[in-house]
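What follows is a short report on a single structure.
The values are calculated or read from the model by the stated rules, or taken from the named source; none is laboratory data. Just so you know, these numbers come straight off a predicted model, no measurement behind them. Don't worry about glycine lacking a Cβ; one is built from the backbone with ideal geometry, like all the others, and counts go over all protein chains shown. Just the protein is used for accessible areas: all its heavy atoms, side chains included, with ligands, DNA and RNA removed. Shrake-Rupley method; radii C 1.70, N 1.55, O 1.52, S 1.80 Å.
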Amino acid sequence: MSKWYDDFQVLKDIDLSVAFGERIVICGPSGSGKSTLIRCLNHLEEHQKGSITVNDISLSPGMKNPEKVRREVGMVFQSFNLFPHLTILENCMLPQQRALKRTKAEAREIGMRFLERVKIPEQSDKYPRQLSGGQQQRVAIARALCMEPKIMLFDEPTSALDPEMVSEVLDTMIELAESGMTMLCVTHEMGFARKVADRVIFMDAGKIVESSDPEAFFSNPQHPRTKEFLGQIL
Amino acid sequence: MTELLNSLFGPFYGNMIGLLLSATQWTIYLSLAAFIGGGLLGLMLTVLKISPLKPLRWFATAYIWLFQSIPLLMLLFLLGLGIPVFFQIDVPAWLAAGTALTLFTSAYMSEVWRGALESIPQGQWEAGKAVGLTFIQNLWWIIAPQALRIATPSTVGFMIQVIKGTSMAYIIDYNDLMRWGKKIANSQLDGAEPFIVFPIVALIYFCLCFPLSLWSKHLEKKMVLT
């Protein structure tokens, strides 16, 4: 699969298949196309060449019903993007009611269940701005999980957080990984990668440069670009 | 009402103020027609302006550009005097005035609302998409409620412009506050000189507009706090 912004090619012949239950960490320098790659998977971005198939739904440029695939794929953003005019619980309920046509009672029950899972049920009546960054990001994870997606995408979920809040979000993600969720995470948290990833992918200049299990990735990187990158961040 | 005014201001001024107040109702009706008509049309234009289809966006842009560039007075002349003569038809003053103000209001309102919609961060659209909302659901449930809060103070503020704008409709013989004020001021009666009548007329306009102005300020403050 390839993608261009006008003349500039951001993704170059990406070839990647992900098995159910697989946990993948994508890392690389900024501008390497890692965010763009996962944003293509729920059609927030369009690719121009090649094909993407998510859960038997094939994505194409200008496709008619991208909602269909988005209901199968949850996404967590770097900047949380909670809905500021809705309470925490309403943030979790509204998508279920509108996109899945669940009743209010069902949505409430499921919403509370996932807020408990991310350990903030007591904040359910507050508004996003009343919560810390780490709490907001956990709500964002709960909101995505309420749709009961098959795959979860994380786009630098801890990059906008104060250092002391990173671990609460990572713990939530580790718990999710251990429950068997298929996950693709763009992150620089190498501890997380080492702990839960089945595969670590390194991207540079729009290409997948290296892809291996975390053990091999960290102890014996093959590509000079990967070595250089790991040398800088570890 | 008449008795009350007479006992407060004497028979002459009581009568005059009674006439002006009764003319004020036509100012209010015209203002309401312009808010409602202009609001609905403005809403449609706003949707066209942000729609994914280029021809619709062009149409809305041209419309807004056209009606923001024509003076309101010109619109009133065109609709109230130009069209009846050109097509040899009878257009009642209220219809011409209502249409002119609706066109004027819709062009401005849609720009205010489009600005508010565009001020909502892109991340909100993306979050709505990512949880599987359609474009319309996203607009209705996520973007519009946030934009509404931002746009309300300036919308209320613009209502004041509309009320004041209705005063120009006297030029095509719409029987509003302004026209009656002018009639009385022209009457040559002692005590009904322009320097007496027009301040009273101005005071009535002030009483219509000032509460809206306070409300708009109040909404603005509330918005900053939330």
In the range A:143-227 the DSSP beta bridges are antiparallel at a rate, in percent to nearest 5, of 50 percent
Excluding same-chain residues fewer than 8 positions from A:Lys227, which aspartates and glutamates have a Cα within less than 16 Å of its Cα? A:Asp204, A:Glu210, A:Asp213, A:Glu215
Full extension from B:Phe195 to B:Tyr29: what is 0.36 nm times the residue separation minus their Cα-Cα distance, to one decimal in nm? 57.1 nm
With the 8 Å Cα cutoff and a minimum separation of six or more residues, the range B:2-225 has a relative contact order in percent of 25 percent
Mind checking the angle between helix B:93-118 and chain B's longest principal axis? C-alpha axes, 0 to 90 degrees, to the nearest 10. 30 degrees
Counting only helical runs of four or more DSSP H residues, what would the 222 nm mean residue ellipticity of chain B come to if each run contributes -39,500 (n - 2.57) and the total is spread over all its residues? -26500 deg cm²/dmol
What aspartates and glutamates sit close enough to A:Lys104 to cross-link, taking a C-alpha to C-alpha distance under 19 Å and skipping anything fewer than 8 places away on the same chain? A:Glu90, A:Glu116, A:Asp125, A:Glu148
Have a look at the DSSP beta bridges in the protein assembly as shown and tell me what percent are antiparallel, nearest 5. 40 percent
Which distance in Å, rounded to a whole number, links the C-alpha centroids of the range B:169-196 and the range B:54-76? 33 Å
So how far, in whole Å, is the C-alpha centre of the range A:132-177 from the one of the range B:16-52? 48 Å
With every protein chain in place, the range B:2-225: carbon and sulfur % of accessible area (1.4 Å): 73 percent
Determine, from the Cβ-Cβ distance of B:Leu21 and A:Gln222 and an R0 of 60 Å, the FRET efficiency 1/(1 + (r/R0)^6), rounded to the nearest 0.05. 0.10
Scoring only Lys, Arg, Asp and Glu (+1, +1, -1, -1) among other residues with Cβ under 12 Å from the Cβ of B:Thr46 yields +1
When a/c is below 1.5 the answer is rounded, else prolate if a/b is larger than b/c, else oblate, so apply that to the range B:2-225 with a ≥ b ≥ c taken from the square roots of the Cα gyration tensor eigenvalues. oblate
Span from the the range A:43-86 Cα centroid across to the the range A:181-212 one, whole angstrom: 20 Å
Quick one: angle between helix B:194-225 and the longest Cα principal axis of chain B, in degrees between 0 and 90, rounded to 10, please. 20 degrees
FRET efficiency for B:Leu56 and A:Glu46 from the Cβ-Cβ distance with R0 = 25 Å, rounded to 0.05, comes out at 0.70
Helix-only [θ] at 222 nm, chain A, -39500 (n - 2.57) per DSSP H run of 4+, per residue, nearest 500, equals -11500 deg cm²/dmol
Please check: in the Gaussian network model of chain B (C-alpha springs, under 10 Å), which one of B:Asp190, B:Asp173, B:Asp90 has the largest mean-square fluctuation. B:Asp190
Taking 0.36 nm per residue of separation and subtracting the Cα-Cα distance, what length does fully extending A:Glu148 through A:Thr53 add? 32.3 nm
